[in-house]
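First up is the structure itself, then whatever we jot down about it.
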Amino acid sequence: MSEILAPAGEHDVAEIARRRWRDSETRRLYLYLASVAPNGAWVARDEGTAIGIAIAHRLETEWYLSDLFVEPSFRGQGLGAQLLAEAARDAGDVTRSGILDAGQLRGIAFFARRRLPASTPILRFTGRIPKEERLAALAAGEHRFETRALDPVRHRSALDALDRETRGSPRQTDHLYFASNADGSAFFVNGELVGYTYVWRDGTIGPLASFSPAYVAAFFAFGMMALARSHGASWCSALVPAVNVRVARAALDAGLAIDGVKLFARDSAEMDMSRYVGYHSLLF
């Protein structure tokens, strides 16, 4: 038996995606992230079969570990560290981050050894979308917004500023992917962009960001309403940072439930997730 590290081919990535992810939306995202990874995706093979993979993703000022996976029977041999070294090669002096399940003790230890504190709980909310009358009241709130289709190119300057504050880094390439695969809405007050949200065919809400914490619950309610209207969805899910208490409370008031907890790790605290909702653990 021998393990060989090598750049991942399309077949490797597609095969691991099929093994690990059931839904087509996530498989599409997985293939996309592998295709744009700064050093490409890297795999560990045993007798020709891919048994581990690492995929890094580059935001403008941040390096995000989208995936680091080794088949259970091959763990404890240092393959994860070797894969990470290849995927992160030439990353430079940038902020590093990643996300993992709260129960992944080995993963938390792995991050801690690399001085990445897994300190921000991410709550996964799921549940039935409330009736439109209830959502309309929540979406309206005490503020009035103009809503337009989000254009990543036209709105780039405002998006960069907002993402820098809430997510920690501009992410123009990510917005191009989001806008091509989801329905994006931008919110304006007096002609100024104050936030955005995306909704997906599978019922996911996010990413979502706001310049003011006072707006986030209304934007979240709008996301649920957009899912019901545009896609006929009756069910939704969202990854909400625990510090975003306004959206967490709105989700609970809407009847959604917490069905999982993840941990976000980052070696810089220069961000305000109280005004943010993520998209996916692969591309938070």
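Of a type outside the set (D, E) and modelled with pLDDT of 95 or more: does that describe L135?
Judged against the criteria, L135 is not a match.
Does S180 meet the test of being more than 30 Å from R27 (Cβ to Cβ) and among the polar types (S, T, N, Q)?
Taking the combined requirement at face value, the residue does not satisfy it.
Is it the case that some residue within the stretch 12-23 is surrounded by 18 or more Cβ atoms within 10 Å (Cβ to Cβ) and either in contact with a Ser or Thr (Cβ under 9 Å, 6 or more places away or on another chain) or under 23 Å from S169 (Cβ atoms) (or both)?
yes
Output the residues belonging to the stretch 234-247 that are within 17 Å of T120 (Cα to Cα) and crowded, with 22+ Cβ neighbours inside 10 Å.
Those that are within 17 Å of T120 (Cα to Cα) and crowded, with 22+ Cβ neighbours inside 10 Å: A238, L239, V240, P241, N244, V247.
Answer yes or no as to whether T173 is of a type outside the set (K, R), within 15 Å of the chain's Cα centre (by Cα) and surrounded by fewer than 16 Cβ atoms within 10 Å (Cβ to Cβ).
yes
Just checking, how many residues over the stretch 41-51 are open to solvent by less than 20 Å² (accessible area, probe 1.4 Å) and under 13 Å from P7 (Cβ atoms)?
Going through the stretch 41-51 one residue at a time, the tally reaches 4.
The values are calculated or read from the model by the stated rules, or taken from the named source; none is laboratory data. Just so it is clear, the model here is predicted, and its values are computed rather than measured. Glycine also receives a Cβ, built like all others from the backbone with ideal geometry; neighbour counts cover every protein chain displayed. Only protein heavy atoms, including side chains, enter the accessible area calculation; ligands, DNA and RNA are left aside. Shrake-Rupley method; radii C 1.70, N 1.55, O 1.52, S 1.80 Å.
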